[in-house]
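Please read the structure below before turning to the comments.
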Amino acid sequence: MTTRPSAEAALLARVEDGEGMSRIILAGRLDRDGERTLADAYAAAETVPGAAVEVDFSDVDYINSTGIALVVRLLADARRDGRPVQARGLSEHYREIFRITRLSDLMTIVDDGDAA
Amino acid sequence: MTIIQSLRRTIGLGPRADVGTESVVDVSAPSEQPDREATIEVTEVSPIEIAADDPLVAVLQSSTELVEVERLTLESPALAAMREHGIRLIVPLTAQGELIGALYLGPRLSEQDYSTDDRRLLSSLAGLASPSIRVAQLVQTQASEEAERQRMEQELQVATMIQQQFLPHSLPDLPEWQIAAYYGPARAVGGDFYDFMELPDGRIGVVVGDVTDKGVPAALVMARTHSILRAEAPRLVEPGAVLKQANELLCQEMPSNMFVTCLYGVLDTTSGFFRFANAGHNLPYVRSGGEVSEFRATGMPLGLLSGMEYEEAEGTVGPGDSLLLYSDGFVEAHDPDGEMYGFPRLRSAFSADVSGSELVDRLLDDLHAFTGSGWEQEDDLTMVTLRRSVGASRLGPDQPATPDVARELLDVSIPSVIGNERLAMDRVAEAVAPLGLEPERLERLKTAVSEAAMNAIEHGSGGQPEIPIHVRVTTTDTQVQVRIADMGLGGEIPLGRSEVPDIEAKLMGEQSPRGWGLFLIEAMVDELTTEKTEQGQAVVLGVNLDGGAS
């Protein structure tokens with residue numbers, strides 16, 4: 001007899017600038033509806049030129065193939081800008097998906113316990 | 001004589017309550033008429049209002065004789081108006097010591113002052129007329145109150161008629177479920193409602209709501225809300241989406257200061273799975289094994305603010321469990337000392353192991369014992385209870401599937417609306433929950449279902465809501481299969497011929513960043529086949545129940 005909130009929220013993004021790194025903290029679901037949100041977040045993260053970009057997926061509870069396409073776009077933008085990308089907070093399932101899609105070859109996957 | 005004739009023609013007194021706010025009689029004979037024996041001309045002027053706080057009221061109340069306007073030295077707007085209209089004399093009308101009106105008189109036609117006889121005559125007239133005027137006022141007041149009472153009674157009848165027109169005339173007859181409902185209108189008729197809606201896939205929608213305000217306005221808003229929910233629930237299915245759409249429509253039409261609280265849920269009567277969303281309504285209670293807990297979800301009431309999202313929550317009503325949905329008329333009822341019934345009492349009363357109409361009676365008895373026999377119901381009372389039979393089937397390790405015989409867990413049609421792939425995913429996850437799949441295996445199945453359903457919705461059915469996709473889940477001892485069928489509008493699924501996406505080409509912009517769907521499906525399941533169907537085609541996803549991870 002348990003209840004749980006459903007994972008229906010659209011994508012939310014918050015950008016934090018740290019020393020030498022911009023963090024894009026995502027929450028909700030990453031699918032086609034998140035295109036504008038993620039693009040705006042990356043644009044906001046450009047306030048620190050050349051800095052690495054960390055995308056925090058800890059509060060993302062759903063990623064589908066259209067969401068993966070958005071990550072590909074972000075990686076393409078980051079490559080163009082010469083910015084390394086790392087992903088934080090991926091569940092085991094989405095780590096597997098990042099692995100089989102080879103996204104993890106193009107970005108560093110870090111654990112929550114790793115220093116930001 | 002002159003004056004009496006004048007008065008006969010012009011007296012018209014307002015009700016007693018009007019004294020002080022509306023003036024009474026204005027009788028003024030024009031001074032330019034020289035012949036006092038000639039035909040009398042009477043000029044009626046607009047009522048001169050005397051405000052309740054006008055000092056003239058106190059003068060008239062305390063006066064025992066006629067009041068000469070020119071002798072008064074008050075800061076009185078009414079007096080100023082009288083002077084402007086040429087009023088010379090005020091004759092207070094009193095009955096049982098109360099000022100009930102006044103006569104205003106202009107100058108005599110002869111331009112002479114009112115004589116002592118005139119004044120005596122006027123005083124006598126006032127003394128004789130006042131009791132009759134008082135009686136007339138009382139009759140008028142009574143008639144007015146009776147008319148108002150009848151109007152309110154009629155309005156209540158209309159409100160009740162509207163209200164009852166939209167309440168269910170019968171309850172769903174479901175195997176293994178005992179359903180009971182109660183609606184008790186307050187005298188003023190609030191805006192409570194409840195409803196059951198048959199959904200396309202055999203599940204039922206359950207709603208309990210409450211419109212602010214009372215009477216006809218509340219009944220009309222209730223009727224509109226009811227209609228919207230009836231129209232949107234079968235189309236959108238997901239409780240959060242249904243409430244979101246209802247909110248958008250109601251925001252466009254809702255009278256100011258009104259809104260609707262509402263709890264809408266979808267019950268899978270086979271599994272007991274209850275998925276719901278809440279628009280500011282009381283949380284439902286569920287009783288399981290004697291313990292009562294809440295199903296929690298939050299959201300803004302309907303009709304207040306456009307653009308609201310409604311969180312969904314879910315829970316399972318197991319065999320022997322009961323669900324209670326109710327309106328605030330219960331918890332906000334008061335006893336003679338002003339104490340509120342409150343949630344703890346309702347929760348405690350609900351913990352009793354009874355069901356159906358017996359439970360309804362028990363809850364009402366408890367409420368009435370609290371409020372006492374003289375209680376005048378303050379608000380509508382509504383409750384809906386759903387109890388699942390103790391002997392209802394529950395899939396699980398204690399009831400293993402028959403070997404090698406596929407058992408159906410789900411067969412559902414889903415409108416081809418972009419985003420409904422998540423609905424398909426959730427429905428499949430609900431259906432296979434009793435099988436106890438390993439978490440990682442379940443996640444893979446969910447991803448595969450989501451991708452296959454998205455492909456079917458977008459391409460196979462062309463994104464046309466009226467052409468639904470069909471999702472069927474079956475299981476054997478060894479494998480769960482999900483079959484997703486569409487109209488085949490997207491052409492043949494290139495199974496086994498899909499290329500591994502070239503991520504470098506995508507990064508370079510040489511390929512679309514999309515195109516991961518089929519690749520993901522193939523990677524997530526243990527078995528993947530397609531079928532030709534009469535209407536189009538189907539993709540069948542197979543996930544092994546034990547081992548065999550891809």
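Scanning the stretch B:222-243 for residues that are over 25 Å from B:Thr269 (Cβ atoms) and in contact (Cβ under 8 Å) with a residue 60 or more places away in the chain returns B:Met222, B:Ala223. Does B:Ala523 meet the test of being under 26 Å from B:Arg407 (Cα atoms), within 14 Å of chain A (Cβ to nearest Cβ) and not in a strand (DSSP E or B)? Yes: the conditions hold for B:Ala523.
Scanning the stretch B:348-378 for residues that are modelled with pLDDT under 85 and either assigned to a loop (DSSP other than H, G, I, E, B) or small (Gly, Ala, Ser) (or both) yields B:Ala352, B:Asp353, B:Val354, B:Ser355, B:Gly356, B:Ser357, B:Ser373, B:Gly374, B:Trp375, B:Glu376, B:Gln377, B:Glu378.
Among the residues making up the stretch B:303-321, a single one is surrounded by fewer than 21 Cβ atoms within 10 Å (Cβ to Cβ), more than 21 Å from B:Ser293 (Cα to Cα) and either touching a strand residue (DSSP E or B) at 6+ places or on another chain (Cβ under 7 Å) or within 8 Å of chain A (Cβ to nearest Cβ) (or both): B:Glu309. On inspection, B:Thr298 fails the criterion of being within 12 Å of another protein chain (Cβ to nearest Cβ), over 25 Å from B:Ser373 (Cβ atoms), of a type in the set (Val, Ile, Thr) and crowded, with 19+ Cβ neighbours inside 10 Å. The sole residue among B:Leu121, B:Leu66, B:Leu125 that is of a type outside the set (Phe, Trp, Tyr) and within 21 Å of B:Ile50 (Cα to Cα) is B:Leu66.
Scanning the stretch B:324-343 for residues that are in contact (Cβ under 8 Å) with a residue 24 or more places away in the chain and over 21 Å from the mean Cα position of the chain (by Cα) yields B:His334, B:Asp335, B:Pro336, B:Tyr341.
When you go through (1) away from chain A (no Cβ under 11 Å); (2) closer than 19 Å to B:Thr382 by Cβ one by one for B:Val286, which number turns out not to apply? Condition (1) is where B:Val286 drops out. None of B:Ser413, B:Ser450 is modelled with pLDDT under 85 and not in a loop (DSSP other than H, G, I, E, B) except B:Ser413. Consider the stretch A:31-56 and keep the residues that are in contact with a Gly (Cβ under 8 Å, 6 or more places away or on another chain) and away from chain B (no Cβ under 14 Å). The one that is modelled with the lowest pLDDT is A:Val48. Could you tell me which of the residues B:Ala181, B:Ala126 is farther than 30 Å from B:Arg224 by Cα and in contact with a strand residue (DSSP E or B) (Cβ under 7 Å, 6 or more places away or on another chain)? Going through B:Ala181, B:Ala126 in turn, just one is farther than 30 Å from B:Arg224 by Cα and in contact with a strand residue (DSSP E or B) (Cβ under 7 Å, 6 or more places away or on another chain): B:Ala126.
For the criterion of being assigned to a helix (DSSP H, G or I) and among the polar types (S, T, N, Q), B:Ser512 fails. Summed over the stretch A:60-106, residues that are more than 11 Å from chain B (Cβ to nearest Cβ), at negative phi and assigned to a loop (DSSP other than H, G, I, E, B) total 3.
Counting the residues of the stretch B:248-277 that are surrounded by fewer than 24 Cβ atoms within 10 Å (Cβ to Cβ) and of a type in the set (Gly, Ala, Ser) gives 3.
In the stretch B:121-134, the residues that are farther than 11 Å from B:Val91 by Cβ form Cβ pairs under 8 Å with partners that are of a type in the set (D, E, K, R) and surrounded by 14 or more Cβ atoms within 10 Å (Cβ to Cβ), at six or more places apart or across chains, as follows: B:Arg134/B:Arg16. The listed residues are B:Met197, B:Met222, B:Met152, and the only one of them that is closer than 21 Å to B:Asp380 by Cα and surrounded by 17 or more Cβ atoms within 10 Å (Cβ to Cβ) turns out to be B:Met222.
Exactly one residue out of B:Val354, B:Val292 is touching a strand residue (DSSP E or B) at 6+ places or on another chain (Cβ under 8 Å) and either hydrophobic (A, V, I, L, M, F, W, C) or within 27 Å of B:Asp426 (Cβ to Cβ) (or both): that is B:Val292. May I ask you to verify whether B:Val480 is in contact with a helix residue (DSSP H, G or I) (Cβ under 7 Å, 6 or more places away or on another chain), more than 13 Å from chain A (Cβ to nearest Cβ) and on the phi < 0 side of the Ramachandran plot? Here the answer is yes, as B:Val480 does meet what is asked.
Considering the stretch B:435-459, and only residues there that are touching an Asp or Glu at 6+ places or on another chain (Cβ under 7 Å) and within 11 Å of chain A (Cβ to nearest Cβ), the residue that is surrounded by the fewest Cβ atoms within 10 Å (Cβ to Cβ) turns out to be B:Glu440.
The values are calculated or read from the model by the stated rules, or taken from the named source; none is laboratory data. Please read all numbers here as calculations on a predicted model, not as lab measurements. Counting neighbours? That spans all protein chains shown, and the Cβs are built from the backbone with ideal geometry, glycine included.
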